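Quick notes on the structure that follows.
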Ligand code: SF4
């Protein structure tokens, strides 16, 4: 195993995923470089598991999710889903496979057609994939609304008549319509109020348990992924810096970047919260078009040494179910 998963049969395995966007300049649009959005990412997810994928904006987590779903062409690598490499599939075969994988968007308002009723939005995948018609279709739409705790009476309403949380429930119901095995939840609560965030996460957890769903849960906030994730991977500049179980990541973080992110997460106990050390990182995240040599974190790392500037640290085992990419963290 290369990523701290428990060794059971994978539902999804991502191997050395690379996604570069070419940068061109001049009248002839000559290629002058690459934006290295995802730069050699590997991990796997077991059936029924939730992997949290966390990092600052622009670290490549959303691109990773989209590349997995083949919504973006990858530069290289493999995306094995149920034992088949999605990157080699095309046309009808890929369309059939996509039915098992869905995406829940960050902004439920932008992702819902304002001219369609809630019932039509939720039922559209049933029609597109020819899953149900007539009475059965109407029945399934009502069932989907009730699965996400919306009243059947809302089926005739339009997206603008719903609150942000209700719109996200519609997005979830729509994703569930095709009974997928795997869902990429791309910052599904980032646009919502904190009180609503908890409700949506609780709903996603209930649906996961009820329908044995597997999630890749993308977020920029470590506090958000804690309860829902079995394991968490922390990304920085297109690479995974640390991946381990949710408990270990919060109790025994090893990577300096993870430690700094966690130091900013509020602790419910005000006494502990007041006394602990907060690590403020210097500078901004460097551009993925011109990432630093060696360890991508070395320009901001409080512990950087000479070796960090020249050698890229490998993601290596540093504890049970725990993998860290840092020269200063001892291998287990
Ligand atoms: Fe910091 Fe060096 Fe470890 Fe990178 S490899 S996180 S720069 S100590």
Are any of the residues in the range 220-229 in a loop (DSSP other than H, G, I, E, B) and within 18 Å of residue 42 (Cα to Cα)? yes
Select from the range 305-324 the residues that are within 7 Å of the ligand (Cβ to nearest atom) and within 28 Å of the chain's Cα centre (by Cα) and list them in ascending order. 308, 313
Check the range 89-100 and report whether any residue there is crowded, with 19+ Cβ neighbours inside 10 Å, modelled with pLDDT of 95 or more and either assigned to a helix (DSSP H, G or I) or touching a helix residue (DSSP H, G or I) at 6+ places or on another chain (Cβ under 8 Å) (or both). no
Does residue 35 satisfy the condition of being surrounded by 15 or more Cβ atoms within 10 Å (Cβ to Cβ), part of a strand (DSSP E or B) and under 16 Å from the mean Cα position of the chain (by Cα)? no
I'd like to know if the range 231-253 contains one or more residues that are within 16 Å of the ligand (Cβ to nearest atom), crowded, with 21+ Cβ neighbours inside 10 Å and more than 28 Å from residue 35 (Cα to Cα). yes
Every listed condition ((1) farther than 30 Å from residue 327 by Cβ; (2) modelled with pLDDT under 95) holds for residue 226 save (1)
Condition met for residue 209 (surrounded by fewer than 24 Cβ atoms within 10 Å (Cβ to Cβ), under 12 Å from the mean Cα position of the chain (by Cα) and under 22 Å from residue 168 (Cβ atoms)): no
Residue selected from the range 293-304 under the condition more than 7 Å from the ligand (Cβ to nearest atom) and buried (at least 17 other Cβ atoms within 10 Å of the Cβ), by the criterion nearest to the chain's Cα centre (by Cα): 296
Tabulated pairs, the range 248-259, first touching a residue at least 12 places away in the same chain (Cβ under 8 Å), second in a helix (DSSP H, G or I) and near the ligand (Cβ under 10 Å from one of its atoms), C-beta under 7 angstrom, 6+ apart or interchain: 249/258
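The values are calculated or read from the model by the stated rules, or taken from the named source; none is laboratory data. Note that this is a predicted model, so its numbers are computed, not measured. Cβ: placed from backbone, ideal geometry, glycine included. Neighbour counts: every protein chain shown.
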